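The values are calculated or read from the model by the stated rules, or taken from the named source; none is laboratory data. On a predicted model such as this, the values are computed, not experimentally measured, just so you know. Ideal geometry is used to build each Cβ from the backbone, glycine not excepted, and the neighbour counts take in all protein chains shown.
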Amino acid sequence: MRRASLVTAVSAIALGGLLMPVAAATPSIPSPATADEYGEVRSVVPAGQRGSINALQLAQVLTGFGLTAVDGQNAPRNYADQLEMYDDLATYRPGEITDDVIDRDYKRSGFVPDRVVSTEKPRAGVTIVRDSFGVPYITGKTYEDTMFGAGFAATQDRMFLMDALRHLGAGRGAEFVGGTPGNIAMDRAQVRSAYYTPQEAADQLQVIADENGAEGERLLRGADAYLAGINAAQSKMCLLLLPVGPTCPAEYLALQKKPTKWTRADLTYVASLVGGIFGKGGGAEFANATYYAQLVEKFGTAEADTIFAALRGKNDPEAPTTATTSFPYDTAPFDPTKPGVALPDLDGPMGTGTGDDAGATSPLQTLVDALKLGLTGVPAEVDTPSGTIDLSSLFGTVGTSNALVIGADATSTGRPLAVFGPQTGYFNPQLLTEQVLMGPGVFARGVSFAGTNLVVQLGHGLDYSWSATSSGSDNIDTVVERLCNADGSTPTVDSTSYLKDGACVPMTYNEHRQTIVPNVAAPAGLSTLSMQVWRTHHGIVQTRTTVDGVPVAIVIERSTYGREAASILGFSRFNDPGFVTDAESFQQAANSIDYTFNWFYADDRDIAFFSSGLLPVRDPETDSSLPRWSDPEFDPSGWLDFAGHPQQINPPTGFLASWNNKPAPDFAAADDKWSDNSIHRSLALSRRASEAIAQGPVSRADLAGIVQDAATEDVRARTLLPNLLAVLGDDAATQPARELLSAWLADGAHRVDYDRTGSYEHEAAIRIFDTWWEDGDEALAYDVASPGLGDLARALPQSLDNHPRSGQGSAWLGSPWYGYLDKALRDVSGEAVEAPYPISLCGSLATCRTTLSESLVGAVERATAAQGVSSPADLTYDKSIDFIRANSGGVVGVRPIDWQNRPTYQQVVDFRSHRPR
């Protein structure tokens, strides 16, 4: 939505009157009145900035259209206004996206509001101004004042969601929002991933502060001020921390919960939840070992070794990469015979592990625990919200962000341009909350995960912008501990001690107990859920089994376990204009982040990339694809240094592209990531970028159109149909279907309804291809691979597809089958294939052609029979199957929108000048 320059000027004068005295008293704070002169950044964050709804607002909603915001209405102001902007962009073809469209569908994101809607001073030294979108502009006289304001404003916007996230991080989501199966499963997963006692969680911040001297102590003071801001806002919104009051979020009363004060432990819990989902990779060695053992049974050891290595795709030379230069990491070939490798028995006995039930609790104890939680029972005067609050889909949002950054030499402005952002799933309110932080040592605008917004995690500074994609680099290992008994008796899979440096020591044991109280969203009866928590010095025990008959514990060792709070150091440096002054200093700041992310940077001169993560340098006598023994000699020798991390500034290609693909040549894919092969969705960006630069120069509107065009492409169809159709040839049995598929491919293989007619263009082809790819137990990939792999094609520990039907926007990520089929079809056709598979998955060309024909004919027959039509051309596809459906993190949701594979916070960046370098 465009604003007139006069409005901006007036707003600048108004805000300048509030802020200039602070800038004058503290010269290190840039003037917001001039900060926007370096260039323009626009952004969108659906559904909207505001995420709290009080009881009065809820009552107004219930008398309207129910519990769903539609067209930005039927909800509080700024609750869903950016959803409509976000949805609108998908109605434009790439060439139709102009600067006017960008100005309408992305809001201006500077340091001066378009207009001042409200101003408040929650304490001396802190000013919070909000613009027409509800975004808070937080100015602090001191660093601590700024952090207090960040906590205060975030609580106003996300109080209930922040509360839910800290409970989820502590493994207590079911206790807080309801005992749905999804919430209980998520709690078990969180306990297995990042269990801490409250004291351990609280102590983590002090440990990080002690490691970083004066900078660390400053961050700790800021964290305490941030917590004070949260608690001050909670007390103001919910008087006496009771679930009542004109501004208290309605969810508390609806769910019979009272707010509680935030502590240092809560920051760690939220950080562990976010980092454990978005900032990790690896940890699948146990599943890999199981599949490898099955291959050995079927093919014998020698052939199994080559097949496993090929399918695993640890370092496929055909995988698209972001950097053009080599960064060798974990390059050793697959070797299961190394002395450090521990292969669990395929059919060995299984014991319990962390997250498993710990036994029953007496009904009296359950009642006592429930009373400690606060309110129980449903107040009669409260209108009952519909549906449930279930945040379990949070664990399904990994690796969904993208970035396309064009260098200065290739743009129409002669300056870099960027369109990038994270995709963290679709929630309402959004997991990300936007803010502007302005104070000593911090001057940044952007988003952060709710509950961690004492820093801007993704956004822009004075004259530079940055974003990230999940890299999934390998920072998790599976360690095998030998079990023992303290009395010297023969151990079993139920033993609770293990060998450490030759001594038999007990595992650390905790019982994680939560009381689930019925509420209007989850009315199941009062109960206590108790989970076992077992830990060794390497990490959290997942299960117990045997290796060559010897009882062992299977332990997950994550490099960031116990250090989730450490990454605040790097984020704080991103926010500091005194630290980030150019591309090189940005890379140094990124290196301070332990989580595994790909970071992207653009200013008025340079584009840059750095892949972060606390990555272990593994012992050469282990194999990173398989579990390792716990002996000290097999532990990692240290961490990958700065120079070893994939990175690049101003690449020769003229662009940087990432959609969670391999960061650099020779940089090994994590053991859980078999999909870094010849087909990756990042090709949808890099292919378009290369073509646009060749035609050049690229404008801001061009770049936005490129990224949006990629957002509606069916990557499977676009990359595989050329080879599928080529192998089929002029097969008469499939001619009608092939004609439909060929027409769809010629039009770009999009799943889009630009004109909003209610159906996709080429819907018959889409229905055919979807049915062909996966239809119940039938699947094209299994048909193609069964001649080579037999029944083990279906046993592969990797997903078959990543389809829009999940409702979270992100698609075509994480399945290695796209690349498997690509290589198999090219190989059978006689085309050149780097690192071809040691077996022919599809058989001979004739056999493969017959397989494809029969598979496609079967798919068409099933599709036409299901819809009761005789011709493939009469098939339809219900595009609502693909709709983006936001998960409700509160009592009011938002309408579904058309599918587009796009970040949930997206910046359009165009800087034209810079401070003196």
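Computed values, structure above
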| read-out | value |
| --- | --- |
| Test result for residue 232, among the hydrophobic types (A, V, I, L, M, F, W, C), in contact with a helix residue (DSSP H, G or I) (Cβ under 9 Å, 6 or more places away or on another chain), touching a residue at least 24 places away in the same chain (Cβ under 8 Å) and over 19 Å from residue 146 (Cβ atoms) | no |
| Residues (outside any helix (DSSP H, G or I) and in contact with a strand residue (DSSP E or B) (Cβ under 8 Å, 6 or more places away or on another chain)) located in region 558-579 | 558, 559, 561, 576, 577 |
| Flag for residue 348 being buried (at least 18 other Cβ atoms within 10 Å of the Cβ), out of contact with any helix residue (DSSP H, G or I) (no Cβ under 7 Å at 6 or more places or on another chain), outside the structural domain of residue 656 (by TED's automatic domain parsing) and not acidic (Asp, Glu) | no |
| Subset tally (residues that are surrounded by fewer than 21 Cβ atoms within 10 Å (Cβ to Cβ) and touching a residue at least 24 places away in the same chain (Cβ under 8 Å)) for region 761-782 | 4 |
| Qualifying position, being in the same structural domain as residue 308 (by TED's automatic domain parsing) and touching a Pro at 6+ places or on another chain (Cβ under 8 Å), among 851, 864, 847, 904 | 904 |
| Residue in region 834-849 that is free of Cβ contacts under 8 Å to residues at least 12 places away in the same chain, among the hydroxyl-bearing types (Ser, Thr, Tyr) and loosely packed, with under 14 Cβ neighbours inside 10 Å present | no |
| Test result for residue 738, over 29 Å from residue 319 (Cβ atoms) and assigned to a helix (DSSP H, G or I) | yes |
| Filtered residues of region 897-914 (kept if surrounded by fewer than 21 Cβ atoms within 10 Å (Cβ to Cβ) and either at pLDDT below 95 or outside any loop (DSSP other than H, G, I, E, B) (or both)) | 897 |
| Helices (runs of 4 or more DSSP H) wholly inside region 755-836 that include at least 3 residues being closer than 28 Å to residue 94 by Cβ and hydrophobic (A, V, I, L, M, F, W, C) | 763-773 |
| Selection count where residues are without any contact (Cβ under 8 Å) to a residue 40 or more places away in the chain and either closer than 30 Å to residue 702 by Cβ or small (Gly, Ala, Ser) (or both), scope region 622-657 | 3 |
| Residue within region 719-726 that is within 29 Å of the chain's Cα centre (by Cα), in a helix (DSSP H, G or I), more than 23 Å from residue 844 (Cβ to Cβ) and modelled with pLDDT of 95 or more present | yes |
| Residue 479 being in a strand (DSSP E or B) and farther than 24 Å from residue 660 by Cβ | yes |
| Sole residue being assigned by TED's automatic domain parsing to the domain that holds residue 230, under 26 Å from residue 897 (Cα atoms), more than 22 Å from the chain's Cα centre (by Cα) and of a type in the set (A, V, I, L, M), chosen from 112, 129, 116, 101 | 101 |
| Any hit, region 605-614, residues being more than 22 Å from residue 667 (Cα to Cα), polar (S, T, N, Q) and in a loop (DSSP other than H, G, I, E, B) | no |
| Single match in 92, 79, 86, 106 (criterion: at pLDDT below 95, surrounded by 15 or more Cβ atoms within 10 Å (Cβ to Cβ) and among the aromatic types (Phe, Trp, Tyr)) | 79 |
| Helices (runs of 4 or more DSSP H) fully within region 188-275 counting 2 or more residues that are closer than 21 Å to residue 537 by Cα | 198-211 |
| Boolean, residue 819 is crowded, with 16+ Cβ neighbours inside 10 Å, at pLDDT below 95 and among the small types (Gly, Ala, Ser) | no |
